[in-house]
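Chemist: Let me give you the structure first, and then I'll get to my questions.
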Amino acid sequence: KDDFVGHQVLRISAANEAQVQKVVELEELEHLQLDFWRGPGQPGSPIDLRVPFPSLQAVKVFLEAHGIKYTIMIDDVQTLLDEEEEQMTAFKTRAA
Amino acid sequence: STDTFNYNVYHNLDEIYGFMDMLVAEHPGLVSKLEIGKTYEARPIYVLKFSTGGNNRPAIWIDTGIHSREWVTQASGIWFAKKITQDYGNDPGLTAILDSMDIFLEIVTNPDGFVFTHKKNRLWRKTRSLTAGSSCVGVDPNRNWDAGFGKTGASSNPCTETYHGKFANSESEVKSIVDFVKSHGNFKAYISIHSYSQLLLYPYGYTKDPAADDAELEGLAKSAVTALASLYGTKYKYGSIFKAIYVASGSSIDWAYNQGIKYSFTFELRDTGRYGFLLPASQIVPTAQETWLGLQTIMNYTRTHLY
C-alpha cells in the first residue's frame, strides 16, 4: 500500500484574492505532488492541502514568504490511516 | 443478515455488494438490485431500487461514493438503504414517498476507485481509466458530465485530481448513470453525496448565473440543513456550488438540473477540518443519521411539489 508517513494536511487561510492566486500557483507545481482536499475558492474559505513529506518545507516556506496563514490540520496522515486499518482488522477478526 | 451487519465500520466492495444482496433477499417486495453498467475495470455497477409498485413512477436518485476516498459517503449509503427498509410502513413521511415514488440508490458509484482505496492508495479520488498519451491514471468523475464540460473549474491535465477526461461521459461510471437516468425519464430529484466540509449545494457550478429555480432551491436547502442540524447541531452552509465554494465545471448535479431535474443537490458531509477524508468510523452512523434528516426534507418536498 502507498505510504503517507510524514504527509501533513495544511489548512490554509487566504485572506484576499492575491493570496488565493498564490495558492493556485502551488497547484500548478506538479513536482510537489500536492493533493488539494479542498481547493482554492473565495478569500476566507479554507483551503486544505495534503503535502507529502519531501515537499513540506518548500510549501511552508512558500506560504510564509507570501504572508499566507496556515495551520496543521493533520500532523501525520499515516497515523490516521493506521488507526483506520487497525479498526477494520479488529472488526474482521471479531466477525470471524 | 442486515440486522447484524456492522454499520459502525468501513467495509470493502465485496462486503458492500454482499450487504446489497442480503437486503434484496430480505425485502424482495421492496428492494431490487439493478446492474446499470460496468466500470472501466469491468466491475458491475449496481443501483438499489426501492419501489412499492407502479410503472415508471416519479423517482428520486441518490448516489454516494463518486469520489472513492470519501468513505463516509459509501458507509452512509449502506445505512440509508437499511433505514429505508426499516422506515417503510413505520415512518409516515417515507411511507408516503414510497407509496407514490421510487428511490434509486447507488452506494458505490466509483467501484474501481473504491477498490483501489482499499488495496493500494487510500486517498484515491478518481476513476481508474487510462488516458492515451499519459502515464497518469483516472478521471475526476465529477468533472466528466456534459454541463459546461471542460470549462473553468476542471483540469485538462490527466495528472491532476480534477482532470475532466477526453470528452463528456468518457467514464463508463458516468455514462452508465446518464443512460439510466435518461432512459428512465421521470426523475424529479437528484442528490449526489460527497464529503467533506458540511455544505449543501445546488446548481450551478460552472457559471455564476443563478439557476432558474435558485430561490426555491435556496429555500429548500435552508430547510434541509435546518433539519440536519436538529439532531446533533452540525452546521452546514448552503448555496450554489459557484457561490458557496468555487467554480466547478462538468458536475453531476449541473447536468441533472439541465436535464430538467429541478431538485438537484450535492451534500458535502462531515467534517469541517479535523479529519477530512479520514473521518473515524465512530462518526459514520451519526453522520448518516443527520444526513438522512436533510435527505428526507428534500424527498418530502419533492413529493409534495411534483412538476
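Chemist: Can you find, within the range A:81-91, the residue that is farthest from residue B:281 (Cα to Cα) among those that are modelled with pLDDT of 95 or more and facing another protein chain (nearest Cβ under 7 Å)?
Modeler: Out of the qualifying residues, it is A:81.
Chemist: Can you tell which of B:147, B:132 is part of a loop (DSSP other than H, G, I, E, B), at negative phi, touching a helix residue (DSSP H, G or I) at 6+ places or on another chain (Cβ under 8 Å) and hydrophobic (A, V, I, L, M, F, W, C)?
Modeler: B:147
Chemist: Please state which of the following conditions residue A:94 fails to meet, knowing it meets all the rest: (1) modelled with pLDDT under 95; (2) in a helix (DSSP H, G or I); (3) within 11 Å of another protein chain (Cβ to nearest Cβ); (4) surrounded by 14 or more Cβ atoms within 10 Å (Cβ to Cβ).
Modeler: (4)
Chemist: Just for the range A:59-80: of the residues that are within 12 Å of chain B (Cβ to nearest Cβ) and in contact with a Phe, Trp or Tyr (Cβ under 6 Å, 6 or more places away or on another chain), which one is surrounded by the fewest Cβ atoms within 10 Å (Cβ to Cβ)?
Modeler: Per the stated criteria, the residue is A:78.
Chemist: While we're on this one: In the range B:30-57, which residues are over 21 Å from residue B:85 (Cβ atoms) and in a loop (DSSP other than H, G, I, E, B)?
Modeler: Listed by number, the residues that qualify are B:39, B:40, B:41, B:42, B:43, B:55, B:56.
Chemist: Moving on to the next point. Just to verify a result, which residue in the range B:170-198, among those that are in a loop (DSSP other than H, G, I, E, B) and more than 14 Å from the chain's Cα centre (by Cα), is nearest to residue B:226 (Cα to Cα)? I'd like the intermediate steps shown before the answer.
Modeler: Of the range B:170-198, the ones in a loop (DSSP other than H, G, I, E, B) are B:170-171, B:185-186, B:196-198.
Cutting the leftovers down to more than 14 Å from the chain's Cα centre (by Cα) gives us B:170-171, B:185-186, B:197-198.
Values: B:170: 37, B:171: 35, B:185: 31, B:186: 28, B:197: 16, B:198: 13 Å.
Checking each candidate, the answer is B:198.
A quick yes/no check of all residues on (1) touching a residue at least 24 places away in the same chain (Cβ under 8 Å); (2) under 19 Å from residue B:257 (Cα atoms):
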{"position": "B:83", "(1), (2)": "yes, no"}
{"position": "B:95", "(1), (2)": "no, no"}
{"position": "B:103", "(1), (2)": "yes, yes"}
{"position": "B:114", "(1), (2)": "yes, no"}
{"position": "B:123", "(1), (2)": "yes, no"}
{"position": "B:137", "(1), (2)": "no, no"}
{"position": "B:190", "(1), (2)": "yes, yes"}
{"position": "B:193", "(1), (2)": "yes, yes"}
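Chemist: Further question on the same structure: Could you list, in sequence order, the residues of the range B:174-197 that are closer than 19 Å to residue B:143 by Cα and among the aliphatic types (A, V, I, L, M)?
Modeler: B:174, B:177, B:178, B:181, B:191, B:193
Chemist: Condition first: within 18 Å of residue B:295 (Cα to Cα) and surrounded by fewer than 17 Cβ atoms within 10 Å (Cβ to Cβ). Can you find one or more residues in the range B:208-216 that meet it? Full working, then the answer.
Modeler: So in the range B:208-216, the residues within 18 Å of residue B:295 (Cα to Cα) come out as B:216.
Keeping just the survivors that are surrounded by fewer than 17 Cβ atoms within 10 Å (Cβ to Cβ) gives B:216.
Yes: one or more hits.
The values are calculated or read from the model by the stated rules, or taken from the named source; none is laboratory data. Because the structure is a prediction, the values reported are computed rather than measured. Note that each Cβ is placed from the backbone with ideal geometry, even for glycine, and that neighbours are counted across all protein chains shown.
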